[in-house]
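Heads up, the thing below is written out as C-alpha coordinates.
The values are calculated or read from the model by the stated rules, or taken from the named source; none is laboratory data. Predicted model only: the values in this text are computed from it and were never measured. Here the Cβ is made from the backbone with ideal geometry for all residues, glycine too, and neighbour counts use every protein chain on show. These area figures cover heavy atoms from the full protein model, side chains too; ligands, DNA and RNA do not enter into them. Shrake-Rupley method; radii C 1.70, N 1.55, O 1.52, S 1.80 Å.
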Amino acid sequence: MTRRPLIAANWKMHKTNQEAKDFMKELLPLISDLKDVDVLVCPPFTLISSVDQGREGSKVLLGAQNMYFEEKGAFTGEVAPAMLKDLNCEFVILGHSERRWIFGENDELINKKVISAFEHDLIPVLCVGEKLEERENGQTEQVILKQLENDLKGVTEDHLKNMVIAYEPVWAIGTGKNASEKDAKEACDLIREFIHSRFGSETSDKVRILYGGSVKPENVSMYMAQEGIDGALVGGASLKADSFAKLTKF
Ligand code: PEP
(Lines give C-alpha, C1' and ligand atoms only; values in the text may rest on other atoms or scores of the structure.)
Protein backbone atom coordinates (compact mmCIF):
# COMPACT_ATOMS: atom_id res chain seq x y z
CA MET A 1 0.00 0.00 0.00
CA THR A 2 1.52 3.31 -0.98
CA ARG A 3 0.26 6.30 0.89
CA ARG A 4 0.85 9.80 -0.49
CA PRO A 5 3.43 11.57 1.66
CA LEU A 6 2.20 14.69 3.42
CA ILE A 7 4.36 17.58 4.59
CA ALA A 8 2.36 19.93 6.81
CA ALA A 9 3.23 23.38 8.13
CA ASN A 10 1.92 24.48 11.50
CA TRP A 11 2.62 28.20 11.70
CA LYS A 12 1.31 28.41 15.28
CA MET A 13 0.86 32.08 16.34
CA HIS A 14 3.13 33.65 13.72
CA LYS A 15 2.89 36.05 10.76
CA THR A 16 0.82 38.99 9.55
CA ASN A 17 -1.34 38.85 6.42
CA GLN A 18 1.38 40.53 4.38
CA GLU A 19 3.94 38.00 5.60
CA ALA A 20 1.58 35.14 4.74
CA LYS A 21 1.08 36.50 1.22
CA ASP A 22 4.83 36.95 0.76
CA PHE A 23 5.44 33.40 1.99
CA MET A 24 3.00 31.93 -0.53
CA LYS A 25 4.43 34.00 -3.37
CA GLU A 26 7.90 32.71 -2.56
CA LEU A 27 6.78 29.11 -1.91
CA LEU A 28 4.80 28.30 -5.05
CA PRO A 29 7.64 28.56 -7.60
CA LEU A 30 9.89 26.56 -5.25
CA ILE A 31 7.48 23.61 -5.20
CA SER A 32 6.03 23.84 -8.72
CA ASP A 33 7.84 20.65 -9.78
CA LEU A 34 6.49 18.54 -6.86
CA LYS A 35 4.56 15.49 -7.97
CA ASP A 36 3.91 12.82 -5.42
CA VAL A 37 3.76 14.82 -2.21
CA ASP A 38 0.85 16.63 -0.55
CA VAL A 39 1.73 20.00 0.94
CA LEU A 40 -0.49 21.43 3.67
CA VAL A 41 -0.28 24.88 5.26
CA CYS A 42 -2.05 25.53 8.58
CA PRO A 43 -1.90 29.24 9.42
CA PRO A 44 -3.60 31.02 12.32
CA PHE A 45 -7.30 31.84 11.70
CA THR A 46 -6.54 35.43 10.72
CA LEU A 47 -4.32 34.36 7.80
CA ILE A 48 -6.45 31.61 6.30
CA SER A 49 -7.90 33.81 3.54
CA SER A 50 -4.49 35.18 2.59
CA VAL A 51 -3.04 31.67 2.30
CA ASP A 52 -6.13 30.55 0.36
CA GLN A 53 -5.70 33.39 -2.13
CA GLY A 54 -1.97 32.84 -2.22
CA ARG A 55 -2.31 29.14 -3.10
CA GLU A 56 -4.46 29.76 -6.18
CA GLY A 57 -3.37 27.70 -9.15
CA SER A 58 -1.37 25.32 -6.95
CA LYS A 59 -2.19 22.05 -5.19
CA VAL A 60 -1.29 23.36 -1.74
CA LEU A 61 -3.80 22.20 0.87
CA LEU A 62 -5.21 24.46 3.55
CA GLY A 63 -5.90 23.74 7.20
CA ALA A 64 -6.66 25.45 10.50
CA GLN A 65 -4.86 24.82 13.78
CA ASN A 66 -7.94 24.32 15.93
CA MET A 67 -11.74 24.67 16.00
CA TYR A 68 -14.65 24.25 18.41
CA PHE A 69 -17.06 21.35 17.96
CA GLU A 70 -20.36 23.23 18.16
CA GLU A 71 -22.23 24.55 15.11
CA LYS A 72 -22.68 28.09 16.36
CA GLY A 73 -23.74 30.00 19.46
CA ALA A 74 -22.48 31.78 22.55
CA PHE A 75 -18.87 30.56 22.48
CA THR A 76 -16.87 33.77 22.58
CA GLY A 77 -13.52 33.53 20.89
CA GLU A 78 -14.20 30.18 19.25
CA VAL A 79 -14.40 29.23 15.58
CA ALA A 80 -16.90 26.70 14.19
CA PRO A 81 -16.17 23.97 11.65
CA ALA A 82 -18.55 25.53 9.09
CA MET A 83 -16.56 28.77 9.39
CA LEU A 84 -13.42 26.89 8.38
CA LYS A 85 -15.23 25.29 5.44
CA ASP A 86 -16.44 28.76 4.48
CA LEU A 87 -12.78 29.80 4.22
CA ASN A 88 -12.02 26.73 2.04
CA CYS A 89 -10.11 24.78 4.68
CA GLU A 90 -9.77 21.08 4.00
CA PHE A 91 -7.91 20.07 7.17
CA VAL A 92 -7.83 20.99 10.84
CA ILE A 93 -5.13 20.19 13.39
CA LEU A 94 -6.73 18.83 16.58
CA GLY A 95 -5.23 17.87 19.91
CA HIS A 96 -1.91 19.60 19.34
CA SER A 97 0.15 19.35 22.51
CA GLU A 98 0.06 23.14 22.89
CA ARG A 99 -3.76 22.92 22.95
CA ARG A 100 -3.59 20.05 25.42
CA TRP A 101 -0.96 21.43 27.79
CA ILE A 102 -1.25 25.23 27.54
CA PHE A 103 -5.01 25.49 27.02
CA GLY A 104 -6.08 22.44 29.01
CA GLU A 105 -7.87 20.52 26.26
CA ASN A 106 -8.67 16.98 27.37
CA ASP A 107 -9.37 13.85 25.35
CA GLU A 108 -13.13 14.20 25.78
CA LEU A 109 -13.09 17.64 24.15
CA ILE A 110 -10.65 16.55 21.46
CA ASN A 111 -12.90 13.57 20.64
CA LYS A 112 -15.90 15.89 20.19
CA LYS A 113 -13.81 18.06 17.88
CA VAL A 114 -12.65 15.04 15.84
CA ILE A 115 -16.24 13.83 15.34
CA SER A 116 -17.43 17.33 14.49
CA ALA A 117 -14.62 17.84 11.98
CA PHE A 118 -15.64 14.67 10.12
CA GLU A 119 -19.30 15.68 10.20
CA HIS A 120 -18.31 18.91 8.47
CA ASP A 121 -16.10 17.27 5.89
CA LEU A 122 -12.87 18.52 7.44
CA ILE A 123 -9.97 16.09 7.75
CA PRO A 124 -8.49 16.09 11.24
CA VAL A 125 -4.75 15.98 11.77
CA LEU A 126 -4.92 14.44 15.24
CA CYS A 127 -1.79 14.93 17.33
CA VAL A 128 -0.78 12.45 20.02
CA GLY A 129 2.41 12.04 21.99
CA GLU A 130 4.01 11.67 25.39
CA LYS A 131 5.67 14.20 27.68
CA LEU A 132 9.31 13.82 28.71
CA GLU A 133 8.54 12.45 32.16
CA GLU A 134 6.15 9.92 30.66
CA ARG A 135 8.88 8.72 28.28
CA GLU A 136 11.37 8.54 31.13
CA ASN A 137 8.88 6.50 33.16
CA GLY A 138 8.43 4.04 30.30
CA GLN A 139 4.83 5.16 29.71
CA THR A 140 5.14 6.22 26.06
CA GLU A 141 3.05 3.39 24.60
CA GLN A 142 0.42 3.59 27.28
CA VAL A 143 0.00 7.37 26.81
CA ILE A 144 -0.29 7.15 23.02
CA LEU A 145 -2.78 4.27 23.17
CA LYS A 146 -4.93 6.04 25.75
CA GLN A 147 -5.03 9.22 23.65
CA LEU A 148 -5.97 7.23 20.54
CA GLU A 149 -8.60 5.22 22.38
CA ASN A 150 -10.27 8.31 23.80
CA ASP A 151 -9.80 10.74 20.91
CA LEU A 152 -11.15 8.30 18.31
CA LYS A 153 -14.24 7.10 20.20
CA GLY A 154 -17.19 6.82 17.83
CA VAL A 155 -15.16 7.54 14.69
CA THR A 156 -16.27 5.36 11.78
CA GLU A 157 -14.01 3.28 9.57
CA ASP A 158 -14.96 5.34 6.55
CA HIS A 159 -13.94 8.56 8.23
CA LEU A 160 -10.78 7.16 9.65
CA LYS A 161 -9.40 6.18 6.25
CA ASN A 162 -8.92 9.83 5.35
CA MET A 163 -7.57 10.83 8.69
CA VAL A 164 -4.07 12.02 9.45
CA ILE A 165 -2.48 11.19 12.80
CA ALA A 166 0.70 12.92 13.91
CA TYR A 167 3.01 11.40 16.48
CA GLU A 168 4.41 14.43 18.25
CA PRO A 169 6.43 13.72 21.40
CA VAL A 170 5.93 16.82 23.54
CA TRP A 171 9.63 16.98 24.48
CA ALA A 172 10.59 17.27 20.80
CA ILE A 173 8.28 20.13 19.86
CA GLY A 174 10.03 23.45 19.41
CA THR A 175 13.00 22.22 21.44
CA GLY A 176 15.45 21.28 18.70
CA LYS A 177 15.60 17.80 20.28
CA ASN A 178 14.11 15.65 17.54
CA ALA A 179 13.24 12.02 18.20
CA SER A 180 15.52 9.34 16.79
CA GLU A 181 14.19 7.70 13.65
CA LYS A 182 13.86 4.46 15.64
CA ASP A 183 11.70 6.05 18.36
CA ALA A 184 9.60 7.89 15.77
CA LYS A 185 9.08 4.71 13.74
CA GLU A 186 8.19 2.66 16.81
CA ALA A 187 5.53 5.16 17.84
CA CYS A 188 4.12 5.44 14.30
CA ASP A 189 4.01 1.63 14.05
CA LEU A 190 2.20 1.48 17.39
CA ILE A 191 -0.40 3.95 16.09
CA ARG A 192 -0.93 1.90 12.90
CA GLU A 193 -1.21 -1.32 14.91
CA PHE A 194 -3.87 0.30 17.08
CA ILE A 195 -5.84 1.36 14.00
CA HIS A 196 -5.39 -2.13 12.56
CA SER A 197 -6.63 -3.83 15.73
CA ARG A 198 -9.75 -1.67 15.87
CA PHE A 199 -10.60 -1.06 12.24
CA GLY A 200 -8.78 -3.68 10.14
CA SER A 201 -6.10 -3.50 7.50
CA GLU A 202 -8.09 -1.67 4.84
CA THR A 203 -8.27 1.31 7.17
CA SER A 204 -4.85 1.03 8.77
CA ASP A 205 -3.25 0.84 5.33
CA LYS A 206 -4.83 4.15 4.35
CA VAL A 207 -4.36 6.36 7.42
CA ARG A 208 -1.42 8.70 7.04
CA ILE A 209 0.81 8.87 10.09
CA LEU A 210 3.25 11.75 10.42
CA TYR A 211 6.13 12.48 12.73
CA GLY A 212 6.41 15.96 14.25
CA GLY A 213 8.97 17.47 16.59
CA SER A 214 11.92 19.62 15.49
CA VAL A 215 11.82 18.37 11.90
CA LYS A 216 14.20 20.39 9.71
CA PRO A 217 15.50 20.17 6.15
CA GLU A 218 18.60 18.43 7.57
CA ASN A 219 16.72 15.58 9.27
CA VAL A 220 13.48 15.15 7.30
CA SER A 221 14.83 12.45 4.96
CA MET A 222 15.79 10.28 7.93
CA TYR A 223 12.11 10.11 8.96
CA MET A 224 10.75 9.84 5.43
CA ALA A 225 13.00 6.82 4.84
CA GLN A 226 11.14 4.88 7.54
CA GLU A 227 8.43 2.51 6.39
CA GLY A 228 5.25 3.60 8.16
CA ILE A 229 6.14 7.29 8.54
CA ASP A 230 4.13 9.04 5.86
CA GLY A 231 5.16 12.63 6.40
CA ALA A 232 5.97 15.38 8.83
CA LEU A 233 4.15 18.05 10.80
CA VAL A 234 6.51 20.98 11.09
CA GLY A 235 6.41 24.10 13.24
CA GLY A 236 9.57 26.25 13.36
CA ALA A 237 11.11 25.09 10.09
CA SER A 238 7.87 25.77 8.19
CA LEU A 239 7.95 29.51 8.78
CA LYS A 240 10.38 30.34 5.98
CA ALA A 241 9.35 29.45 2.44
CA ASP A 242 12.78 28.19 1.37
CA SER A 243 13.10 25.95 4.42
CA PHE A 244 9.55 24.60 4.03
CA ALA A 245 10.11 23.98 0.32
CA LYS A 246 13.25 21.97 1.15
CA LEU A 247 11.21 19.84 3.56
CA THR A 248 8.85 18.86 0.75
CA LYS A 249 11.81 17.56 -1.25
CA PHE A 250 12.97 15.01 1.27
C1 PEP B 1 4.52 21.44 15.84
O2 PEP B 1 4.19 22.59 16.09
O3 PEP B 1 3.65 20.60 15.63
C4 PEP B 1 5.96 21.13 15.79
C5 PEP B 1 6.30 19.89 15.56
O6 PEP B 1 6.82 22.15 16.03
P7 PEP B 1 8.42 22.15 15.74
O8 PEP B 1 8.61 21.64 14.35
O9 PEP B 1 8.82 23.59 15.88
O10 PEP B 1 9.04 21.27 16.75
Kirkwood Rh in Å, taken over the chain so that all alpha-carbon pairs contribute: 18.0 Å
Additional length obtainable on full extension of the chain from D36 to E133, 0.36 nm per residue less Cα span: 31.1 nm
Placed amide H near K131: partners under 5 Å, 5+ positions off or other chain: V170
Extended-chain gain in nm, criterion 0.36 nm per residue less alpha-carbon gap, T46 and R4: 12.2 nm
Cα gyration tensor shape of the stretch 4-48, rounded if a/c is under 1.5, else prolate or oblate by comparing a/b with b/c: oblate
Distant-in-sequence amide H partners of V92 (H built 1.01 Å from N, under 5 Å): A64, I123, V125
Note, ³J(HN,Hα) from phi for the stretch 176-193, Karplus 6.51, -1.76, 1.60, rounded to Hz, x at Gly and Pro: x, 9, 6, 5, 5, 5, 5, 4, 5, 5, 4, 5, 5, 5, 4, 4, 5, 5
Global form of the stretch 30-139, assessed from the alpha-carbon gyration tensor, a/c cut-off 1.5: oblate
Backbone HN-Hα couplings from phi across the stretch 228-242 [Karplus 6.51/-1.76/1.60, Hz, Gly and Pro as x]: x, 9, 9, x, 9, 10, 10, x, x, 7, 9, 7, 10, 4, 5
For F69, distant residues with modelled amide H under 5 Å away: none
Value at 222 nm in deg cm²/dmol, rounded to 500, when DSSP H runs of n ≥ 4 in the chain each add -39,500 (n - 2.57): -11500 deg cm²/dmol
Pairwise label distance in nanometres, D158 with T16, each label 7 Å out on the Cα-Cβ vector: 4.7 nm
Surface accessible to a 1.4 Å probe, H14 within the full protein complex, Å²: 90 Å²
Approximate spin-label separation D205-L87, in nm, with each point projected 7 Å along Cα-to-Cβ: 3.7 nm
Length-normalised contact order of the stretch 169-227 in % [C-alpha pairs under 8 Å, at least 6 apart]: 49 percent
Cα gyration tensor shape for the stretch 184-231, rounded if a/c is under 1.5, else prolate or oblate: prolate
Gaussian network model of the chain, Cα within-10 Å springs - most flexible of T16, T203, T76: T76
Hz values of 3J(HN,Hα) by residue in the stretch 11-17 - Karplus curve (6.51, -1.76, 1.60), Gly and Pro given as x: 6, 6, 9, 9, 5, 9, 4
Part-to-part distance (alpha-carbon centres) for the stretch 109-165 and the stretch 171-250, which is given in Å: 15 Å
